[in-house]
Structure formats: structure tokens, C-alpha cells
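Only one structure is covered here, and it is reproduced in the block below.
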Amino acid sequence: MTEPITKPITEPAAETADRAPAAEPDAYRQAPDQVAERLGVDPGAGLSTRQVSERAAVHGANQLSEPARRPQWLKFLDQFRNWLILILLIAAVVAGAIGDISDAVVITVVLLINATLGYWQERRAERSLEALRRMLVPTARVRRDGTEQVVEARLLVPGDVVLLEAGDRVPADGRLTVAETVEVAEAALTGESQPVAKSVTTFDHTSITSVPLAERTTMLFMNTALTRGRAEMIVTATGMRTELGAIAEALRTGTEPPTPLQVQLDSLGRRLALLSGVAVVAYALSALVRGESLSDVALQAVALAVAAIPEGLPAVLALTLALGVHRMARRGAIVKRLASVESLGAATVVCSDKTGTLTLNEMTARILWTAGRLYDVTGEGYGTAGAIRIHGTEDASAPDDLHDAVLPFALCNDAHVSGGVFIGDPTEAALVVLAAKAGVDADWLRSELPRAGELPFDGATKYMATFHTEPDGRTRVHVKGAVDVLLDMCTDVLTEDGVRALDERHRDELLAVTGQLGGSGLRVLGAATALMDGTPSAFTPAALPGLTLVSVAGIADPPRPQAREAMALCRTAGVAVKMITGDHADTAAAIARELYIDGDVVTGAELDRMTEQQLAERIDDIGVFARVAPEHKVVIVRTLTNRGHIVAMTGDGVNDAAALRAAHIGVAMGITGTDVAKEAADVVLTDDDFSTIVQAVHEGRAIYANIVKFVRFQLSTNIGAILTLLSASLAGLPSPLTAAQLLWVNIIMDGPPAMALAVDPARDDVMRHPPRDPGERILNARRLLAIGWAGAVMALGTVTLFAIARSHVGPDTAVTMAFTTFVLFQPFNALSARADGGTLLGRHQFRNRALWLCLAGVLVVQVAVVQLPWAQAVFGTVPLTATQWALCLGTASTVLLAELAVRTARSALGDR
Ligand code: ATP
């Protein structure tokens with residue numbers, strides 16, 4: 001037998017300094033009270049605040065150590081790890097060595113500016129993604145100082161009592177002290193794909209020295225997930241001392257894979273680099289043939305390569321995505337995978353849960369039915385002020401004794417309500433309030449009649465049951481759940497004449513009541529009870545006897561006020577909305593009507609009867625899926641996906657994980673969602689609100705539009721630079737731009753204007769056109785043509801002005817004018833690229849202050865570069881006259897006019 005590593009605590013923890021025992025490696029062999037004693041904790045009360053802080057000082061935070069970060073200076077140096085940059089470096093050294101100091105200085109400055117820009121963009125992108133990660137702080141429900149609290153998981157210490165339910169991620173290693181039908185997915189740790197059952201019972205492992213993790217059924221391990229049941233555990237190990245910590249090295253996540261758009265742009269960049277390579281070689285050869293010196297041509301060729309290859313594109317793209325997801329996070333949608341931003345912008349269908357997403361999840365019981373009679377329930381929210389009156393009367397006098405009617409609602413219930421505030425499930429809290437209005441104090445009752453066992457609520461079974469031992473040794477079972485489900489479990493019903501066998505007439509009456517309540521948008525729950533002899537050997541559904549239905553409650557959950565507006569936005573944006581709910585069809589249909597969700601209502605049972613083909617044919621006409629189980633969500637997602645839709649699907653429960661993964665965009669609820677759902681999702685909503693999804697779609701579209709804008713801007717300038725030099729060369733002219741000037745253009749192009757385009761505010765009409773075709777390439781034929789056209793206009797303008805100026809004002813002024821014209825083309829080109837898909841000269845053009853400031857900046861810097869003597873020495877420029885400036889500016893504006901001409905021609909030809 002192995003020796004226990006820790007010593008038992010002998011001093012009472014509250015009186016003396018806590019010894020903060022180390023992790024308990026043998027806890028799985030020990031009985032729960034033994035573990036509790038060794039860790040100095042009373043499972044019923046948890047640790048005291050003082051114990052927690054003392055232990056935290058010894059054990060540190062409950063988190064896995066982060067991989068060592070790459071130092072910032074190395075990240076800066078990374079910017080130079082690019083063959084183009086290396087060639088430029090060599091060129092700078094060579095230029096310096098042969099005495100060409102001004103070129104050497106320009107190249108060095110350009111390289112430094114380029115590296116700083118790239119570094120800054122990467123850092124900004126990294127920071128906003130880091131900030132995003134910090135928004136998804138894992139929490140744990142603990143018992144401390146005798147009360148339940150929610151704390152950050154990293155603050156857990158050994159000895160903490162953690163409370164868990166289905167869907168929760170286990171926040172540390174721990175010994176189970178309570179386990180109600182607990183099953184855990186441990187694949188992350190043990191590789192076992194099926195959930196394993198866990199229990200409190202200690203097995204006799206004494207004869208074995210080491211029990212494999214997978215067989216330690218009394219333990220829960222960090223980062224595994226509860227897929228079923230309810231559990232309590234005492235934390236035995238935290239942070240790197242957990243089993244996960246031991247293998248943490250292997251689990252360290254790598255960098256995020258590139259998004260489809262990043263892959264597309266990467267391959268585009270590579271093709272353009274190849275094309276530029278060919279162009280550069282062609283240019284160099286023709287310059288050599290013309291008799292220019294090898295050193296001049298080499299430098300020029302390298303500078304042209306730098307200007308022609310869109311090496312800045314990936315950094316701007318990464319920054320756009322990162323800043324975009326940051327903006328989304330501020331609006332309540334935390335995007336976990338950058339690729340989802342792209343899918344969000346192309347979403348064609350949003351499948352949304354009803355409760356809490358389309359509705360407020362603020363439940364108030366409004367109607368009670370019992371013994372053949374309907375009652376109205378007054379009062380609002382979770383305050384217990386209110387009364388129960390006979391339906392339709394204003395009579396405030398106390399109605400019949402309703403204790404028995406609400407007893408199952410109060411006992412088969414985990415919510416606590418006090419002072420208008422509740423802990424637990426809102427539906428259950430509403431039932432605690434209902435019980436209070438009927439004179440039943442749920443908390444008191446639960447302490448008087450403790451549970452012997454339970455069947456926790458499950459969205460698939462749609463009911464919950466608790467077992468309570470009566471003083472005479474018999475067992476009372478209380479059940480609450482969907483009425484249609486309960487009716488199949490009931491043999492009797494409480495009528496005005498007492499308990500009677502449930503016959504067809506009663507069944508019809510109950511279904512009519514349910515339909516009536518559901519039809520007015522109320523969520524309907526039934527309560528049933530039964531008395532059994534003895535105690536069942538196991539608390540399973542099979543142990544339930546025939547039940548007596550005692551009451552039915554109708555609970556109001558108003559639609560979210562913004563949901564209706566968001567729905568209208570979806571309609572204009574061509575995004576279909578489908579409500580998917582576990583609730584009754586009548587309730588769902590009533591809420592759908594209020595929210596103007598169009599389409600047929602189909603229930604889970606009907607879905608089961610449909611073939612794949614039938615569903616595929618009907619699905620576009622269906623607006624509401626009611627009484628569905630989580631597995632139906634997967635079928636719905638698959639069918640929609642097969643029909644070519646880009647699907648966003650919401651979910652919160654542990655069983656929703658499969659559907660969240662199957663959807664293009666899995667959206668988990670941040671408030672009510674389980675850890676399992678949040679982990680499976682691509683987007684987590686911090687406010688659970690449907691309208692936040694719609695805003696995220698809006699943002700996704702705006703981000704995509706911005707990517708299009710700066711890709712157009714950068715590529716057309718790249719093409720412009722190549723064409724300018726090539727066409728001049730073909731026309732037998734010398735180069736209109738020197739190497740230093742080309743490098744300068746490159747900075748302007750990769751720098752502020754591109755970034756200003758990346759953060760461009762969304763156009764007003766982004767949600768007024770249908771989603772883009774998800775199969776469409778970012779550079780479709782129209783955009784490719786536009787890029788080529790803009791590049792050609794820039795080249796034509798620059799070279800023509802250059803040629804004319806050469807014959808009129810001499811070569812030096814001609815080069816300065818060509819350089820200035822090419823630089824001034826960029827502001828106009830930016831405005832033209834910015835108008836992609838929108839109006840060219842509308843009010844919208846004035847809405848990006850950053851862009852206008854940049855463009856003004858470009859102009860001011862260019863004036864300085866041309867007019868200031870020291871800059872003239874560096875860039876080889878000469879001062880220009882006002883007329884020459886006007887000529888350059890006029891020529892530069894032609895790129896905007898050319899775009900206008902194309903648009904006019906296209907609309908004249910009837911093509912938008
Ligand atoms: P969604 O969130 O997907 O819109 P929902 O939350 O309305 O669905 P569920 O929570 O799965 O759906 O509830 C389905 C049905 O189960 C409800 O109509 C109700 O009758 C019953 N039910 C809901 N909560 C409980 C509970 N805590 N205990 C027992 N029965 C419940």
C-alpha cells in the first residue's frame with residue numbers, strides 16, 4: 001500500500017492557522033468524510049474566507065501555467081524574416097558601401113517603418129484577441145462560509161466544496177461527496193469517448209497500487225464535463241497539480257488555423273508575388289538593354305518588388321478581423337474563432353432558442369389549474385407579493401386551500417428565492433414564488449422533507465422528479481414537467497371530487513387547458529405526485545409509480561422588446577429566422593406570432609415522422625420547431641446546411657453541443673449556457689439576447705466589406721506600380737519613379753490609409769441587401785476588373801504626365817511630378833475602393849474621419865517631401881510650382897472619375 005503523502009489536519013481549522021494541505025493523490029480510495037477531514041472542511045458549509053485566502057497563498061491560482069511568451073523584441077525582429085526585406089537590407093548595405101548614402105538611408109528608414117507598422121498591427125491584433133479571451137472567465141459554483149457562491153475557477157483551493165450540474169465543466173480535481181446519476185465526459189483526459197458513470201461509493205482498491213484514471217469513479221477531474229446529473233465534490237488538487245496539469249504540456253493549444261479568407265488571400269498574394277516577380281525581371285531586363293547601370297537597375301528592381309508585392313495584406317487582414325471581433329465583444333458577442341466572423345457575414349438562417357434568447361426569461365406564474373378549477377395569480381417578477389384568485393373574479397378573499405396543488409412545484413425544485421432575487425432556474429423560481437403566494441414556503445418545506453433521491457430535469461425527458469422518505473418509511477415522489485409528458489406517466493388526476501382515475505375525458509380537459517394557456521403564450525408545467533411503499537433500490541425513471549396529476553401552472557415569459565426590431569432587420573437582410581424550442585407548440589406559436597416569425601409550426605414528433613427528403617422540401621417554410629429534443633437540432637442544422645444555407649444555431653444545454661458544432665456558427669448563451677455549450681460554440685453571447693446575434697451578423701457583413709475595400713485598394717496600387725514602370729519601359733522612357741520613391745509609395749499603401757479602410761464604419765444599407773453568396777471568392781470577376789482598371793488608369797496617368805513633363809520642364813521635374821501624381825492617386829483610389837458595392841459620391845464617403853485625416857496627412861507629407869530641401873536630397877525631388885501641383889492633383893483624380901465612368905456605363909447597360 002502506498003503511504004499517504006499528507007498529514008491529517010489535527011487542529012480545528014477555524015481556530016488555528018490553516019495548514020493548507022497539499023493535493024490529495026489518494027482521495028479516490030478514501031471515503032468522502034475522510035477526504036473532508038484531511039482537507040479540513042465541512043462539506044455542508046465549505047471553507048471559510050480565511051481558509052481560502054490562506055490556502056490560496058500556499059497553492060497559488062488554480063490554473064495551468066501558460067507557455068513562455070515570445071519576447072517583444074524577438075517579435076519585432078520577426079518582421080525582418082521575409083526574403084524581400086532581407087534583399088532590401090542587403091541592398092541598403094550595398095548602396096551604403098558604394099557611397100549612395102541617400103538610398104541607403106531611405107531603405108533603412110523604410111525598413112524600420114515597415115517593421116514597426118507590421119509589429120504594431122500584430123500586437124494590436126494580439127491584444128484585442130487576448131482581451132477577448134479574458135472575457136470568457138471560467139467560474140465555479142462553490143459552498144463557502146455556509147452559502148452558495150459563484151467564484152472565478154482560478155480562485156479555487158484544495159478543500160473547496162464545488163457544486164456541479166449537467167453541462168458544467170469540472171474546474172479542478174475533486175472527490176465526489178454527492179452524485180445524483182452523474183455521468184462525465186472524460187475524453188480530454190482518458191481518451192474514453194463515452195461518458196462514464198461516477199458515484200460516491202468507494203471501491204476497494206487497497207490491493208492495487210495504481211488505479212488508472214478512467215477507473216477512479218469517485219473522482220472528477222479538471223476540464224472534464226458533467227453530461228448528466230448533479231454532483232458535489234471536495235477539491236483535492238488545483239492548477240498544475242491536477243491530473244490535467246500533469247499532461248498540460250501536451251494540451252497547450254497552438255495558434256488558431258487561418259480563416260478561409262486568410263487562406264484565399266494568402267494564395268492570392270502568392271500568385272501576385274509570382275506575377276510581380278515576372279514583371280520585375282521583365283522590367284530589369286528592358287532597363288539593362290536600354291543601357292542603365294546594373295546597380296541602379298538592381299536597386300530599382302528590388303524596390304519595385306517591394307511596392308508590387310502585397311506583403312502587408314495578411315497583417316491588415318489579421319488586424320481587421322481582430323478589431324472586428326473586439327467591436328463585436330463590446331456589443332455582447334464574443335467570437336471564439338476568427339473564421340466565424342466571415343460566416344456571420346454570410347449567414348442565411350438563424351435558428352434561435354426561444355426561452356431567454358427571444359424571450360426575457362423573466363418568468364411569472366399567471367394561471368394555476370387544479371381540481372378542475374382555474375385560478376389567476378397576481379403580482380410581478382420574483383417578489384412574493386401577490387395573490388391567487390378564482391379565475392376571472394376580482395375577489396381578493398383567500399381561495400381554496402391550494403397547498404397540495406403547489407407542493408410538487410415547491411419540493412421538486414432547486415431554485416431559491418428571497419427578497420425578489422433568485423438563484424437557479426427562472427422557471428423553477430417562478431414556481432417557488434407561486435408556492436409562496438399559495439402559502440407554502442419552499443425553503444422551509446425542503447428542510448422538513450429532505451430528498452432521498454432525484455431525477456434531475458433533462459430537456460430530452462422534459463420532467464424532473466424527487467423522492468422523499470415519509471415518517472412511516474414510505475416514499476413520496478413529486479414530479480413536475482411538460483403536461484403532455486406527465487399525462488403519459490399519470491394513472492390518476494385530482495378533480496373537484498377528489499382523486500379519480502385518469503380517463504379520456506380528464507385527458508381531453510387537461511389538454512384543452514394546456515392548449516388554452518399555451519395559446520396565450522404561457523409556458524405550461526404540470527405537477528404530479530405519488531406515494532410508494534418502501535424506498536426504491538435505485539432512483540431511475542423505472543422506479544416511478546403511476547402518478548396523480550394535481551395541478552397545472554401557466555407561466556408568462558414576455559418576448560424581448562428588441563427582438564421584434566431585430567426580426568424586422570433579419571427580414572430586410574434576407575436572413576431567415578427559425579424558432580427552436582422545447583416548449584409546447586401552442587406556446588411557441590403564440591410567441592412567434594408576437595415576434596412576427598413567419599412560417600409553419602412543426603413539432604419534434606412530426607419531425608420524427610418526416611423523411612429527410614420531406615423535411616428538406618418543407619424546411620424553408622417552417623418558422624417554428626416546437627417540443628423538440630436537442631437531437632432534432634442536429635437534424636435541422638444538417639438539412640439547412642445541405643440546402644446550401646449558412647446556419648447560425650443557438651444552444652445552451654449540454655445536449656446542444658452536437659448541434660452547435662454542426663452549425664456554421666454555433667452560438668452559446670453566456671448567462672444561462674452550460675460550459676459544454678460554450679466550449680462547443682463559435683460565438684458566446686454575453687447577454688443571451690437574440691438581437692445581439694443580428695448585430696453580430698451586421699458586424700460580420702461590415703468587416704467583410706472592409707476587407708474587400710482594403711484588398712481592392714492595396715492590390716490596385718500594386719498593379720499600378722508594376723504597370724507604371726513596365727509601360728514606361730516599353731515606351732522607351734526611363735523609370736518615372738526612383739527606388740526611394742517606390743519604397744515611399746509602399747509605406748503609404750501599407751500604412752494608415754489601408755488601416756483606416758480596415759476600420760471603416762458600416763454603410764447604412766449593410767442589412768438591406770441579401771447575404772453574400774458564401775461560395776463567392778473575395779475577388780470576383782467584377783472586382784478583379786476594377787482592380788486592373790484602377791491600376792491601368794494610375795499607370796497611364798503617371799506615365800503620360802511624365803512623358804509630357806520631360807519634354808516641357810526637364811527630367812528632374814518630370815520625375816517629381818510622376819512621383820507626386822502616383823502618391824496623390826492613392827487618396828482617390830482609397831475613396832474609389834471604399835465605395836465597393838455602394839455609391840461613389842454619397843454622404844457615406846465623409847463618414848470615416850480617420851480616413852480623411854490620413855488622406856490629408858498623405859498630402860501634407862507629400863508637399864514636405866517635394867518642397868523641403870533635406871527631403872529633396874533624400875528622395876531626389878525638386879520643388880513644384882502651384883500649376884504643376886494642380887496638374888498632378890488633376891491627373892490623380894482621374895482614378896475616381898474612371899470608376900465613375902465604369903459605374904455609369906454598367907448601369908446604362910442595366911448591370912449593377
Ligand atoms: P428553449 O430554451 O430551447 O426555447 P425551453 O427552455 O423552452 O426551450 P426546455 O427548457 O427544454 O425548453 O423545456 C421544455 C419543457 O420542459 C417546458 O415546456 C416545460 O414544460 C418543461 N420544463 C422546463 N423546465 C423544467 C424544469 N425545471 N422542471 C421540469 N420541467 C421543466
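Do we have any residue at all in the range 362-370 that's assigned to a loop (DSSP other than H, G, I, E, B), away from the ligand (no atom under 16 Å from the Cβ) and under 30 Å from Ala568 (Cβ atoms)?
No, there is no match, as no residue in the range 362-370 is assigned to a loop (DSSP other than H, G, I, E, B), away from the ligand (no atom under 16 Å from the Cβ) and under 30 Å from Ala568 (Cβ atoms).
Count, please, the residues in the range 128-150 that happen to be over 24 Å from Asp173 (Cα atoms) and free of Cβ contacts under 8 Å to residues at least 24 places away in the same chain.
Of the residues in the range 128-150, 1 are over 24 Å from Asp173 (Cα atoms) and free of Cβ contacts under 8 Å to residues at least 24 places away in the same chain.
Can you work out which of the residues in the range 328-357 that are assigned to a loop (DSSP other than H, G, I, E, B) and within 16 Å of the ligand (Cβ to nearest atom) is most open to solvent (accessible area, probe 1.4 Å)?
Checked the range 328-357; the qualifying residue most open to solvent (accessible area, probe 1.4 Å) is Thr355.
When residues of the range 774-828 are filtered for being within 47 Å of the chain's Cα centre (by Cα) and either among the acidic types (Asp, Glu) or not in a helix (DSSP H, G or I) (or both), how many remain?
Number satisfying all stated conditions: 7.
Please note which strands (runs of 3 or more DSSP E) are completely contained in the range 86-168 and include at least 3 residues that are surrounded by 19 or more Cβ atoms within 10 Å (Cβ to Cβ) and either modelled with pLDDT of 80 or more or charged (D, E, K, R) (or both).
On the way: elements: 139-144, 147-152, 161-165.
Those strands (runs of 3 or more DSSP E) span 139-144, 161-165.
Quick one: count up the residues across the range 465-477 that are open to solvent by less than 10 Å² (accessible area, probe 1.4 Å) and of a type outside the set (S, T, N, Q).
The qualifying residues number 4.
Name, by its number, the condition in (1) surrounded by fewer than 24 Cβ atoms within 10 Å (Cβ to Cβ); (2) at negative phi that does not hold for Gly732.
Failing condition for Gly732: (2).
Does Val628 count as hydrophobic (A, V, I, L, M, F, W, C), within 16 Å of the ligand (Cβ to nearest atom) and more than 27 Å from Leu569 (Cβ to Cβ)?
No, not satisfied.
Return yes or no: is Gly651 touching a residue at least 24 places away in the same chain (Cβ under 8 Å) and within 11 Å of the ligand (Cβ to nearest atom)?
Spelling it out, Gly651 is indeed touching a residue at least 24 places away in the same chain (Cβ under 8 Å) and within 11 Å of the ligand (Cβ to nearest atom).
Which residues, taken from the range 480-496, are modelled with pLDDT of 90 or more and open to solvent by 50 Å² or more (accessible area, probe 1.4 Å)?
Asp484, Asp488, Thr491 - these are the residues of the range 480-496 that are modelled with pLDDT of 90 or more and open to solvent by 50 Å² or more (accessible area, probe 1.4 Å).
So Glu504 passes all but one of these: (1) in contact (Cβ under 8 Å) with a residue 40 or more places away in the chain; (2) over 17 Å from Asp376 (Cα atoms); (3) charged (D, E, K, R). Which condition number does it fail?
(1)
With a cut-off of at least 3 residues that are assigned by TED's automatic domain parsing to the domain that holds Glu631 and away from the ligand (no atom under 16 Å from the Cβ), name the helices (runs of 4 or more DSSP H) lying wholly within the range 500-619.
By residue number, 561-572, 604-609, 612-618.
Evaluate the following for Ala140: is it of a type in the set (A, V, I, L, M, F, W, C) and in contact with a Leu (Cβ under 7 Å, 6 or more places away or on another chain)?
Yes.
Taking the range 860-912 as the region of interest, how many residues are under 42 Å from the mean Cα position of the chain (by Cα) and either at positive phi or of a type outside the set (A, V, I, L, M, F, W, C) (or both)?
8
Taking the range 286-319 on its own, how many of its residues are under 20 Å from Ala115 (Cα atoms) and either at pLDDT below 80 or in contact with a Leu (Cβ under 9 Å, 6 or more places away or on another chain) (or both)?
Looking only at the range 286-319, we keep the residues that are under 20 Å from Ala115 (Cα atoms), and these are 299, 302-319.
Going one step further and asking which of them are either at pLDDT below 80 or in contact with a Leu (Cβ under 9 Å, 6 or more places away or on another chain) (or both), we end up with 299, 302-318.
The number of residues fulfilling the criteria is 18.
Determine the pairs where a residue that is closer than 19 Å to His584 by Cβ, located within the range 476-493, has a partner that is among the β-branched types (Val, Ile, Thr) and within 12 Å of the ligand (Cβ to nearest atom) with Cβ atoms under 6 Å apart, the partner being 6 or more residues away or on another chain.
Val483/Thr514; Val483/Val524; Val483/Val552
Identify the residue in the range 637-648 that is surrounded by fewer than 24 Cβ atoms within 10 Å (Cβ to Cβ) and in a helix (DSSP H, G or I) and, among all such residues, is farthest from the ligand (Cβ to nearest atom).
So, considering only residues that are surrounded by fewer than 24 Cβ atoms within 10 Å (Cβ to Cβ) and in a helix (DSSP H, G or I), the one farthest from the ligand (Cβ to nearest atom) is Asn642.
The values are calculated or read from the model by the stated rules, or taken from the named source; none is laboratory data. In this text, all values refer to a predicted model and were calculated from it rather than measured experimentally. A quick note on method: Cβ atoms are made from the backbone with ideal geometry, for glycine too, and the neighbour counts reach across all protein chains shown. Just so you know, the surface numbers come from the protein's heavy atoms only, side chains and all, with ligands and any DNA or RNA stripped out. Shrake-Rupley method; radii C 1.70, N 1.55, O 1.52, S 1.80 Å.
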